[in-house]
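Some notes on the structure that comes next.
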Amino acid sequence: MLGMRSDPANQVFTTFARNADIMTAFSDEELDRLREVSFHTPFDDLTVYGGARQLGEAEPHPILTGENDIRYFENRTSGLTPAAEELSQKLKKTLHEVKERVFIGPGDFVAAFNNYAIHAKEIASIGNPASLAQRWIIKSVNVDNLARHGEHFISGTEYLVNG
C-alpha cells in the first residue's frame, strides 16, 4: 500500500491483525471447524456493481486454509450454520482485540503479505471531511502468473484489473 493523500486531521488508520495472533484465540477443535466449507462471503460491492460482468453467487468456503491463511471479510463473511456463525462472530471479536493501527501518510509505503495478516480501514475521527473524500491509498496484489487473470484486466492493459 502506498499513501497518496491522507490528511493527519483525519485519524484514518489501516489496521493489521496477524493471523498467528488471531489463531491463538481458537481451540484446535475450533480451528478444524474453521477449515470446513461452512462459510459464505458474497462478492464485494465494487466487484458486483462496478464491473461489466455478471459473477453469479460466490461459493461457500472455509475461513482457514493451509496452515494459517484466513479468508474473512468483516460484516460480509457469515457462517452457514449456527455453529459456523458463532465462530465467524468470535473471529470478528478477536480481530478487534489483536489489531494494530498504522497511519499511512503521503509517501508512506507499507508492505504486508495478505496470507499472514488481515487488514482493514478504521476511521477514529474526522477533522476535515473534505479531505477525507480525497484520501487515496494505492493497493497492489502480487500473483505468480498474470496470464491466469487476463480476462479481468481493463481493456488495453496487461496489468490493471477491473475492480
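Since every read-out is calculated from the coordinates, none of them should be taken as a lab result. It should be emphasised that the depicted structure is a prediction, and the values quoted were computed from it without experimental measurement. Counting neighbours? That spans all protein chains shown, and the Cβs are built from the backbone with ideal geometry, glycine included.
Summary of computed values
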quantity	calculated
Cross-link reach list, aspartates and glutamates versus LYS99, counting only Cα pairs under 17 Å and skipping chain neighbours closer than eight places	ASP21, ASP69, GLU74, GLU122
Dipole magnitude of the chain, debye to nearest 20 (Cβ charges: Lys/Arg +1, Asp/Glu -1, about Cα centre)	580 debye
Residue order, fewest to most beta carbons within 10 Å, for TYR116, TYR159, TYR72	TYR159, TYR116, TYR72
Projected-area mean, the stretch 2-152, by convex hull of Cα positions, square nanometres	10.6 nm²
Computed over the chain: relative contact order in percent, which uses C-alpha pairs under 8 Å that are six or more apart	44 percent
Under-5 Å amide H pairs with ALA117, H placed in peptide plane, nonlocal only	ASN19
Ranking of LYS90, LYS121, LYS99 by count of other Cβ atoms within 10 Å, fewest first	LYS121, LYS90, LYS99
Pairwise FRET efficiency - HIS149 versus HIS61, Cβ, R0 = 22 Å, nearest 0.05	0.70
Most mobile listed residue (ALA20, ALA84, ALA133) in the chain, GNM with C-alpha springs under 10 Å	ALA133
Most mobile listed residue (GLN11, GLN134, GLN89) in the chain, GNM with C-alpha springs under 10 Å	GLN134
Virtual paramagnetic centre 7 Å along Cα→Cβ of PHE113, amide N under 12 Å, in the stretch 1-24	19-20
Selection from HIS152, ASN128, GLY66, by position along the positive dipole direction of the chain (Cβ)	ASN128
Exposure proxy ranking, count of Cβ atoms within 10 Å, fewest first, for ILE118, ILE154	ILE154, ILE118
